[in-house]
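Working notes for the structure below.
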Amino acid sequence: NAGVTQTPKFRVLKTGQSMTLLCAQDMNHEYMYWYRQDPGMGLRLIHYSVGEGTTAKGEVPDGYNVSRLKKQNFLLGLESAAPSQTSVYFCASSFPGQASYEQYFGPGTRLTVT
Amino acid sequence: AQSVTQLDSQVPVFEEAPVELRCNYSSSVSVYLFWYVQYPNQGLQLLLKYLSGSTLVESINGFEAEFNKSQTSFHLRKPSVHISDTAEYFCAVSEGGGGADGLTFGKGTHLIIQP
């Protein structure tokens, strides 16, 4: 099992450009999440999904969109990147119910917006 | 709303010394508590969790944490640290509801092991 994988690992964008981050999991997890990690801020939830075709906003959703067209994939989109979106992005997945508290994380995507 | 406070952003200790990483939470309801560890340039991994039952929980690599409801704390301890324990440690809380809305993380504590 590859677990949770993220593509790409690194990316540099100019202000105003768009991009999509891909998260894939092969554990048949129902729930998937996108977090951002900033120095001194811990992890903050951007969006999450409780199943194929469903998405919901987390703590810091502005400037991001997501889609969950397939159960194993969760895409995070930046339509018009801003320097404030420079961060490390982590995807996670879990089973539903009480097992959802154990989240499995990907290795992260380091994004720099200039 | 729930929140998590990790009182120390950085904790330096000597190898083989004991360590305690502090975590306090606030919530109006019962909570589930977690410690995650992040090794350099990696994603987070679950270290240990408290869901119910015994208030003292242990990990396979010698860490333990005790849930103290009256003090709303979930401090992480290890009696003797190793250089390989160098990492960022995150305390997290969930108020339940199946965990669908994710976890609330603290800001993290960087554990630095000095030889």
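Taken together, the values in this text are just the output of simple stated rules run on the coordinates, not laboratory data. Everything numeric in this text was worked out from a predicted model, so none of it was measured. Reconstructed Cβ throughout: ideal geometry from the backbone, glycine too, with neighbour counts over all protein chains shown.
Any residue at all in segment A:67-77 that's within 8 Å of chain B (Cβ to nearest Cβ) and surrounded by 14 or more Cβ atoms within 10 Å (Cβ to Cβ)? No: segment A:67-77 contains no residue that is within 8 Å of chain B (Cβ to nearest Cβ) and surrounded by 14 or more Cβ atoms within 10 Å (Cβ to Cβ). Scoring B:LEU111 on the criteria (1) aliphatic (A, V, I, L, M); (2) within 14 Å of chain A (Cβ to nearest Cβ); (3) closer than 25 Å to A:GLY106 by Cβ leaves a single failure, condition (2).
Sort through A:GLY108, A:GLY97 and tell me the only one that's surrounded by fewer than 14 Cβ atoms within 10 Å (Cβ to Cβ) and either within 24 Å of B:LEU47 (Cα to Cα) or under 10 Å from the mean Cα position of the chain (by Cα) (or both). Give the steps one after another, and end with the answer.
On the way: A:GLY108 fails: surrounded by fewer than 14 Cβ atoms within 10 Å (Cβ to Cβ).
From the options A:GLY108, A:GLY97, the qualifying one is A:GLY97.
Restricting attention to segment A:1-44, the residues being in contact (Cβ under 8 Å) with a residue 40 or more places away in the chain, within 30 Å of B:SER3 (Cβ to Cβ), small (Gly, Ala, Ser) and not in a loop (DSSP other than H, G, I, E, B) number 0. Can B:PRO79 be described as more than 10 Å from every other protein chain (Cβ to nearest Cβ), surrounded by fewer than 20 Cβ atoms within 10 Å (Cβ to Cβ), farther than 30 Å from A:LYS9 by Cβ and in contact with a Lys or Arg (Cβ under 8 Å, 6 or more places away or on another chain)? No: the conditions fail for B:PRO79. The strands (runs of 3 or more DSSP E) found entirely in segment B:1-56 that carry 1 or more residues being within 12 Å of chain A (Cβ to nearest Cβ) and closer than 15 Å to B:SER73 by Cβ are B:3-5, B:32-38, B:44-50.
Of the listed requirements (1) touching a residue at least 24 places away in the same chain (Cβ under 8 Å); (2) within 13 Å of chain B (Cβ to nearest Cβ), A:PRO61 misses just one: (1). Apart from one condition, A:MET19 fits all of (1) in contact with a Leu (Cβ under 8 Å, 6 or more places away or on another chain); (2) exposed (fewer than 14 other Cβ atoms within 10 Å of the Cβ); the exception is (2).
Taking segment A:31-55 as the range and being at the interface with chain B (Cβ under 10 Å from one of its Cβ atoms), farther than 30 Å from B:PRO40 by Cβ and surrounded by 15 or more Cβ atoms within 10 Å (Cβ to Cβ) as the test, only A:VAL50 passes. Within segment B:34-64, the set of residues being of a type outside the set (D, E, K, R), in contact with a Lys or Arg (Cβ under 7 Å, 6 or more places away or on another chain) and either surrounded by 14 or more Cβ atoms within 10 Å (Cβ to Cβ) or under 29 Å from A:GLN6 (Cβ atoms) (or both) comprises B:PHE34, B:VAL57, B:PHE63.
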